[in-house]
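In what follows, a single structure is set out as structure tokens and then discussed.
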Amino acid sequence: MFVADNLNVNSEGHLTIGGLDAVDLASQYGTPLYVMDENLIRDNCRKYVGSIRKFYNGNGLALYASKAFCCKAMCKIAFEEGMGLDVVSGGELFTAMSVDFPAERIVFHGNNKTRAELTSALEYGVHRIVVDNLTELNTLNELAGQMGKKADIMFRIKPGVDAHTHDFVKTGQIDSKFGFAIETGEAFEAIKAAISMPNINLRCLHCHIGSQIFELDPFDLAARIMLSLISKVKLELGYEIKELNLGGGFGIKYLSEDRAIEYEKYMETIAGVVHSECERLDIAVPRIFLEPGRSIVASSGVTLYTVGAVKVIPNIRTYVSIDGGMTDNPRYALYKSQYSACIANKADQPFSEAVTVAGKCCESGDLIGEGMPMQKADPGDILAVFATGAYNYSMSSNYNRIPRPPVVMLKDGQSRIVIKRESYEDIIRNDLI
Ligand code: LLP
């Protein structure tokens with residue numbers, strides 16, 4: 001029934017998360033509530049950091065893609081575990097800076113960074129800025145020149161690989177809004193232009209083919225294509241690009257039937273491809289960057305809600321209404337993402353129903369899922385939705401002026417708030433009459 005190893009049932013029949021009773025957490029902190037298990041997050045960070053050591057002789061850096069879940073506490077955890085940080089906006093960069101995250105471990109992404117964002121990245125001295133397009137390349141060259149600096153950059157490349165995942169989270173194919181295409185010759189021309197620019201230091205090529213990917217082949221293919229581009233640049237331009245960023249996208253288990261690739265197998269296979277291709281192409285093995293987001297935090301998260309009305313529409317469906325919804329988890333509304341769930345105070349009982357979990361927004365599409373297997377729900381029950389640690393808090397909104405839930409972090413049997421619950425005062429804070 002459970003999709004993560006830290007979930008269990010105690011003698012009272014309640015769901016436990018990291019050994020703590022979910023029903024107690026709900027009554028202590030209120031609902032809706034995001035709960036995250038720090039031990040699990042740290043274990044996941046260690047896997048990536050360890051595999052850079054094991055498969056690339058330590059010549060690389062695992063960056064946590066902070067868009068999955070960004071706050072001060074999470075930046076601190078990533079830092080303590082030896083990870084770097086992928087930020088994609090001034091706001092994520094600001095969060096990292098607020099905890100003195102070392103600039104030499106930050107990579108700055110984005111397909112349309114503003115001049116202000118580029119300036120603060122240069123001022124802070126981030127390790128690499130990932131350039132998405134020629135306009136940005138020219139702006140960066142100009143800004144760096146004005147500041148008397150040389151910008152260390154990566155190019156975001158579309159390798160032309162179609163990852164088999166939801167259309168909205170595919171990013172490697174030619175019509176993606178991100179980066180330079182190889183097929184059209186655009187990537188090669190941009191590399192030529194960058195090499196000739198006085199204030200640009202082209203260090204690395206980057207690709208990210210999509211998210212929640214369950215197959216190895218697209219990763220394998222992307223690595224080959226990127227390495228052959230590095231080889232072409234060396235042969236035709238005499239310029240050696242010594243770094244390769246393979247992005248993130250590793251899929252995780254949302255449902256018990258999901259078959260995610262085993263992590264070790266994934267790392268070992270891709271590292272094998274990198275090494276054999278480098279030998280074949282006669283290029284040095286580049287310094288490798290990885291950018292996992294979802295696979296670091298998703299399984300560590302559980303969202304707890306209180307059940308309100310249960311509406312049975314005979315022979316059609318049963319709506320179980322909760323005190324949150326698309327404002328704290330917009331992923332079903334956006335991508336029809338599947339989640340598994342249970343009634344936390346009835347976790348020892350078998351699933352007897354298939355229900356539609358509905359949020360409280362004034363919006364018919366405000367659902368967490370349809371046909372979700374569940375124990376019979378009654379008003380006042382605590383509903384737990386699993387694997388909500390990635391792209392839930394970070395994609396939350398204040399639609400209908402609903403305040404965001406707090407995030408409680410669990411560690412070694414203790415809980416603490418890392419993001420406070422928003423109040424109605426917070427909601428009107430920026431309103432002027
Ligand atoms: N690197 C880059 C350049 C990315 O664009 C992303 C995700 C990642 C790394 C991390 O990918 P991950 O390991 O988390 O798959 N909101 C969507 C996911 C969007 C992913 C955007 N980019 C969702 O909720 O499924």
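The values are calculated or read from the model by the stated rules, or taken from the named source; none is laboratory data. Please read these numbers as outputs of a predicted model, since none were measured by experiment. No Cβ is skipped: glycine too gets one built from the backbone with ideal geometry, and neighbour counts run over all protein chains shown.
Is it true that Val418 is more than 16 Å from the ligand (Cβ to nearest atom), at pLDDT 95 or above, closer than 16 Å to Phe69 by Cβ and part of a strand (DSSP E or B)? Can you show your working first?
Numbers: more than 16 Å from the ligand (Cβ to nearest atom): yes; at pLDDT 95 or above: yes; closer than 16 Å to Phe69 by Cβ: yes; part of a strand (DSSP E or B): yes.
Here the answer is yes, as Val418 does meet what is asked.
In the range 60-96, which residues are aliphatic (A, V, I, L, M) and closer than 18 Å to Asp43 by Cβ? Please lay out each step first, then the result.
Keep residues of the range 60-96 that are aliphatic (A, V, I, L, M), which gives 61-63, 65, 68, 73-74, 77-78, 83, 85, 87-88, 93, 96.
The answer is Ala62, Leu63, Ala65, Ala68, Ala73, Met74, Ile77, Ala78, Met83.
Within the range 1-36, take every residue that is part of a loop (DSSP other than H, G, I, E, B), farther than 17 Å from Lys253 by Cα and in contact (Cβ under 8 Å) with a residue 40 or more places away in the chain and give me the one that is farthest from the chain's Cα centre (by Cα).
In the first step, residues of the range 1-36 are kept if they are part of a loop (DSSP other than H, G, I, E, B); the result is 1-6, 10-14, 18-19, 30-32.
Narrowing further to those that are farther than 17 Å from Lys253 by Cα: 10-14, 18-19, 30-32.
Checking which are in contact (Cβ under 8 Å) with a residue 40 or more places away in the chain leaves us with 13-14, 18-19, 30-32.
Numbers: Gly13: 32, His14: 29, Gly18: 21, Gly19: 25, Gly30: 26, Thr31: 24, Pro32: 22 Å.
The qualifying residue farthest from the chain's Cα centre (by Cα) is Gly13.
Helices (runs of 4 or more DSSP H) wholly in the range 244-342 with at least 3 residues that are away from the ligand (no atom under 13 Å from the Cβ) and among the β-branched types (Val, Ile, Thr) - which ones?
263-281
Yes or no: Tyr64 farther than 30 Å from Arg128 by Cα, at pLDDT 95 or above, within 16 Å of the ligand (Cβ to nearest atom) and touching a strand residue (DSSP E or B) at 6+ places or on another chain (Cβ under 9 Å)? Walk me through it before giving the result.
Numbers: farther than 30 Å from Arg128 by Cα: no; at pLDDT 95 or above: yes; within 16 Å of the ligand (Cβ to nearest atom): yes; touching a strand residue (DSSP E or B) at 6+ places or on another chain (Cβ under 9 Å): yes.
Spelling it out, it is not the case that Tyr64 is farther than 30 Å from Arg128 by Cα, at pLDDT 95 or above, within 16 Å of the ligand (Cβ to nearest atom) and touching a strand residue (DSSP E or B) at 6+ places or on another chain (Cβ under 9 Å).
Just to be sure I understand, how many residues within the range 71-125 are more than 21 Å from Asn201 (Cβ to Cβ) and among the hydrophobic types (A, V, I, L, M, F, W, C)?
Number satisfying all stated conditions: 15.
Among the residues of the range 82-109, how many are on the phi < 0 side of the Ramachandran plot and away from the ligand (no atom under 16 Å from the Cβ)? Quick ask: steps written out before the conclusion?
Within the range 82-109, the subset on the phi < 0 side of the Ramachandran plot is 83-99, 101-109.
Filter again for away from the ligand (no atom under 16 Å from the Cβ), leaving 90, 94-95, 97-99, 101-104.
Number satisfying all stated conditions: 10.
Quick grid of which residues meet (1) closer than 20 Å to His14 by Cβ; (2) among the small types (Gly, Ala, Ser):
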position	(1), (2)
Ala341	yes, yes
Thr356	no, no
Lys376	yes, no
Val385	yes, no
Ser394	no, yes
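What pairs come out if I take residues in the range 367-389 that are among the aromatic types (Phe, Trp, Tyr) and pair them with residues that are not in a strand (DSSP E or B) whose C-beta lies under 9 Å away, six or more apart or interchain?
Once the first residue is among the aromatic types (Phe, Trp, Tyr) and sits in the range 367-389, its partners that are not in a strand (DSSP E or B) give Phe386/Phe2; Phe386/Val3; Phe386/Ala4; Phe386/Tyr254; Phe386/Ser299; Phe386/Tyr339; Phe386/Ser340.
So is Leu383 in a strand (DSSP E or B) and away from the ligand (no atom under 16 Å from the Cβ) or not? Lay out the reasoning, then the answer.
Values: in a strand (DSSP E or B): yes; away from the ligand (no atom under 16 Å from the Cβ): yes.
Against the criterion (in a strand (DSSP E or B) and away from the ligand (no atom under 16 Å from the Cβ)), Leu383 qualifies.
Among Gly238, Gly272, Gly251, which is the only one that is at positive phi and out of contact with any His (no Cβ under 9 Å at 6 or more places or on another chain)? Break it down into steps so the answer makes sense when it comes.
Working: Gly272 fails: at positive phi; Gly251 fails: at positive phi.
Checking each option against the conditions leaves just Gly238.
Filter the range 216-226 for residues that are within 16 Å of the ligand (Cβ to nearest atom) and without any contact (Cβ under 8 Å) to a residue 60 or more places away in the chain; which is nearest to Gly272 (Cα to Cα)? Lay out the reasoning, then the answer.
Step one: of the range 216-226, the residues within 16 Å of the ligand (Cβ to nearest atom) are 216, 218-219, 222-223, 226.
From the residues that got through so far, the ones that are without any contact (Cβ under 8 Å) to a residue 60 or more places away in the chain too are 216, 218-219, 223.
Numbers: Leu216: 12, Pro218: 15, Phe219: 12, Ala223: 10 Å.
Step by step, filter the range 216-226, then rank; the result is Ala223.
From the set of residues in the range 264-293 that are over 16 Å from Asn57 (Cα atoms) and among the aliphatic types (A, V, I, L, M), which is surrounded by the fewest Cβ atoms within 10 Å (Cβ to Cβ)?
Leu281
Criterion first (out of contact with any helix residue (DSSP H, G or I) (no Cβ under 6 Å at 6 or more places or on another chain), hydrophobic (A, V, I, L, M, F, W, C) and at negative phi) does Val297 satisfy it? Let's see the steps before the verdict.
Numbers: out of contact with any helix residue (DSSP H, G or I) (no Cβ under 6 Å at 6 or more places or on another chain): no; hydrophobic (A, V, I, L, M, F, W, C): yes; at negative phi: yes.
Spelling it out, it is not the case that Val297 is out of contact with any helix residue (DSSP H, G or I) (no Cβ under 6 Å at 6 or more places or on another chain), hydrophobic (A, V, I, L, M, F, W, C) and at negative phi.
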